[in-house]
Amino acid sequence: MAITLTADHEFAARYLADGSVKVKGFDVQVVWPQGGIGPAYGSLFTEPAYDIMVVPISNFLIALDQGMAVVGLPVFPDVFFPHLGAQVNRNAGIGTVKDLEGKRVGLRGWGFNPATWLRGALADVYGLDLTKVEWVEAEPNSLMKADYQRPARFNVRKGGDQVAELASGALDAVFFDRSGPALTEHTARLFDDPLAAALEYRTKTGVFPVNVMLAARRSVAEANPGLLQAVVEACDQARARYDADEPDSADHMGLPLGWLRKNGLFPHPNGLAANRTALEAITRYAHDLGLTRSRIAPEAMFFVGSR
């Protein structure tokens, strides 16, 4: 029976999805579920829907912390800056990051990966006190099957339709994925220039956030020695083609490729060593928010021998 591997038809993964790059030495079927991978994320906490699948990093850290039988591969199909997805209600009186204190801020879920990154970034760069914000979780979300904590020091409650609630003023701000929905007469961006804010974060911390990663069933990895390294090598080959093929006019997760290249952020390699600063940041953020009971070392995320 073929080993299943999820790969979307975008960014470097498209070369795996279209079959032009293959995993050598193993019978691997590359798949992408109709309607997207989102509904499969929850299976990470029960029985993974695929043998090797792309998952948000915060989801993976929660699963690993809870003892799920999964192992990571140091492959990061996309990188991003979560600053682009932060939107505010125009009448909320939010002119600076610190103005979020005392406000109601929507998240797809307490452990929602872009919001995990953004909360850490805002605390690191602007000194936002995360305990002084009322955090509002939307449902459904990809972590509903995960039983993880919301520490008492944080003010967390459930909410509804975040787009509608932001427009009406029921929410003062929402941290969306990517760039979020189109702005309306009622909404604005938290940052007038999100790319400048992203570069400020990068300059002050050295972090270029990694959004998703590959995770494998531990049983499949153990039954197929060499499989995970072969997948990494295929993904590196796909990444090299992507780096060479993409024009400056393209974008990556809402980030203009020309801008990324100009600022030395593209090409961006896979690998534990190349992404250590980002991994140390996200494991710290996850622990600080209570998503994990202990702070996970980057090496503990990946299969033995990962580089």
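If you take the residues of segment 273-307 that are hydrophobic (A, V, I, L, M, F, W, C) and over 16 Å from the mean Cα position of the chain (by Cα), which of them is most open to solvent (accessible area, probe 1.4 Å)?
The selected residue is Val304.
Run down Val79, Val97 and say which single residue is surrounded by fewer than 22 Cβ atoms within 10 Å (Cβ to Cβ) and touching a His at 6+ places or on another chain (Cβ under 6 Å).
Of the residues listed, the single one that is surrounded by fewer than 22 Cβ atoms within 10 Å (Cβ to Cβ) and touching a His at 6+ places or on another chain (Cβ under 6 Å) is Val79.
Restricting the search to segment 160-180, which residues are open to solvent by 30 Å² or more (accessible area, probe 1.4 Å), part of a loop (DSSP other than H, G, I, E, B) and in contact (Cβ under 8 Å) with a residue 24 or more places away in the chain?
Within segment 160-180, Ala170, Asp177, Arg178, Ser179, Gly180 qualify.
Can you confirm whether Asn91 is farther than 22 Å from Tyr148 by Cα, of a type outside the set (Asp, Glu) and not in a strand (DSSP E or B)?
Yes: the conditions hold for Asn91.
Looking at (1) open to solvent by 40 Å² or more (accessible area, probe 1.4 Å); (2) of a type in the set (Phe, Trp, Tyr); (3) touching a helix residue (DSSP H, G or I) at 6+ places or on another chain (Cβ under 6 Å), find the lone condition where Phe266 falls short.
Only one criterion is unmet by Phe266, namely (1).
When you look at Glu246, is it out of contact with any strand residue (DSSP E or B) (no Cβ under 9 Å at 6 or more places or on another chain) and either modelled with pLDDT of 95 or more or closer than 27 Å to Val133 by Cα (or both), yes or no?
no
Tally the residues that are open to solvent by 10 Å² or more (accessible area, probe 1.4 Å) and touching a strand residue (DSSP E or B) at 6+ places or on another chain (Cβ under 6 Å), restricting the search to segment 104-126.
1
Show me the strands (runs of 3 or more DSSP E) found entirely inside segment 1-58 where at least 3 residues are within 19 Å of the chain's Cα centre (by Cα) and among the hydrophobic types (A, V, I, L, M, F, W, C).
52-56
Taking the stated definitions as given, is Ala198 more than 13 Å from Ala121 (Cα to Cα), open to solvent by less than 20 Å² (accessible area, probe 1.4 Å), of a type outside the set (Ser, Thr, Tyr) and part of a helix (DSSP H, G or I)?
no
Which condition number in (1) of a type outside the set (A, V, I, L, M, F, W, C); (2) in contact (Cβ under 8 Å) with a residue 12 or more places away in the chain; (3) in a loop (DSSP other than H, G, I, E, B); (4) closer than 25 Å to Ile57 by Cβ is the one that Pro140 fails?
Single failed check for Pro140: (2).
Quick check: is even one residue across segment 10-21 farther than 30 Å from Phe191 by Cα, surrounded by 21 or more Cβ atoms within 10 Å (Cβ to Cβ) and in contact with a strand residue (DSSP E or B) (Cβ under 8 Å, 6 or more places away or on another chain)?
yes
Output the residue which, of all residues in segment 128-149 that are of a type in the set (D, E, K, R) and within 19 Å of the chain's Cα centre (by Cα), is least open to solvent (accessible area, probe 1.4 Å).
Glu137
For Arg157, all conditions in the list (1) under 19 Å from Ile94 (Cβ atoms); (2) assigned to a strand (DSSP E or B) hold save one; what is the number of the exception?
If we test Arg157 against (1) under 19 Å from Ile94 (Cβ atoms); (2) assigned to a strand (DSSP E or B), just (1) comes out false.
Across segment 24-49, what is the number of residues that are touching a strand residue (DSSP E or B) at 6+ places or on another chain (Cβ under 7 Å), β-branched (Val, Ile, Thr) and either open to solvent by less than 20 Å² (accessible area, probe 1.4 Å) or at pLDDT below 95 (or both)?
Total meeting the criteria: 1.
The values are calculated or read from the model by the stated rules, or taken from the named source; none is laboratory data. Remember, predicted model here, so these are calculated numbers, not experimental data. When we count neighbours, we look across all protein chains shown, and the Cβ atoms used for this are built from the backbone with ideal geometry, even at glycine. Remember, those area values only see protein heavy atoms, side chains included, never the ligands or the DNA or RNA. Shrake-Rupley method; radii C 1.70, N 1.55, O 1.52, S 1.80 Å.
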